[in-house]
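The values are calculated or read from the model by the stated rules, or taken from the named source; none is laboratory data. Note that the structure is predicted; figures quoted are calculated from it, not measured. Cβ atoms come from the backbone with ideal geometry, glycine included; neighbour counts cover every protein chain shown.
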Amino acid sequence: MRWNRNLYIITGGPGAGKTATLLELHKMGFAYIPEVARQIIQEQVRAEGMALPWRNRAQYTELMHERSVQTYRMHARNTQLTFADRGIPDTLAYARLIRLPLQGKIARACARFRYGDQVFIAPPWAEIYQTDAERKQDFREAVRTYDGLVQTYKDCNYELIELPKLPPVERAKFILETLSSPTPNYQL
């Protein structure tokens, strides 16, 4: 088992404001790992590929799994506090949501590649929810995704900390206060 206690996940259903929060943490000087799922969607759309959630969910999930593990390995030795926009358990939650048979393989990766114990989760937030070119789910599906993430992260033995429904900078401060972390370029 690999464990990086300096690598923290910020997760949540689509459109819950997690990426905006991560960008605030990045502005404050913290390392930030972008979401692999969104990168895959953008690449596949540009290449007119099939590994998309609305074309070939199995292929998309397999690629998301591979990239998530690859991203973890790239950052496994980070000694500075680093925040990831989703983690390997997000892929497991998605596979469960769409009932794919890859779940055992992904669950083994979740057990093998561990992040910091605390996972920050953005709850569904109807007032800020929007669809876009990569986010096609309606709000009900966003809520179902959130529920699946909660269960999956609990099953993977992480402590979930729900982010308050606040502006991104306030959420970033909440995360830092929760972690009681010294900040590189920012004073609370």
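The set of residues in segment 83-122 that are closer than 30 Å to Leu166 by Cα and either in contact with a His (Cβ under 6 Å, 6 or more places away or on another chain) or of a type in the set (D, E, K, R) (or both) comprises Asp85, Arg86, Asp90, Thr91, Arg96, Arg114, Asp117.
Being of a type in the set (Phe, Trp, Tyr) and in a helix (DSSP H, G or I) is the requirement here; does Tyr32 meet it?
In short, no.
Just checking, which of Leu7, Leu81, Leu100, Leu23 is surrounded by 22 or more Cβ atoms within 10 Å (Cβ to Cβ) and at pLDDT 90 or above? Result: Leu7 is the single residue among Leu7, Leu81, Leu100, Leu23 that is surrounded by 22 or more Cβ atoms within 10 Å (Cβ to Cβ) and at pLDDT 90 or above. Of all the residues in segment 84-118, those that are more than 19 Å from Arg38 (Cα to Cα), hydrophobic (A, V, I, L, M, F, W, C) and in contact with a Cys (Cβ under 9 Å, 6 or more places away or on another chain) number 3. Selection within segment 143-168: residues that are among the acidic types (Asp, Glu) and out of contact with any strand residue (DSSP E or B) (no Cβ under 9 Å at 6 or more places or on another chain). The member of this set that is farthest from Tyr94 (Cα to Cα) is Asp155.
Just one of (1) touching a Leu at 6+ places or on another chain (Cβ under 7 Å); (2) in contact (Cβ under 8 Å) with a residue 40 or more places away in the chain; (3) closer than 21 Å to Gly148 by Cβ fails for Phe30. It is (3).
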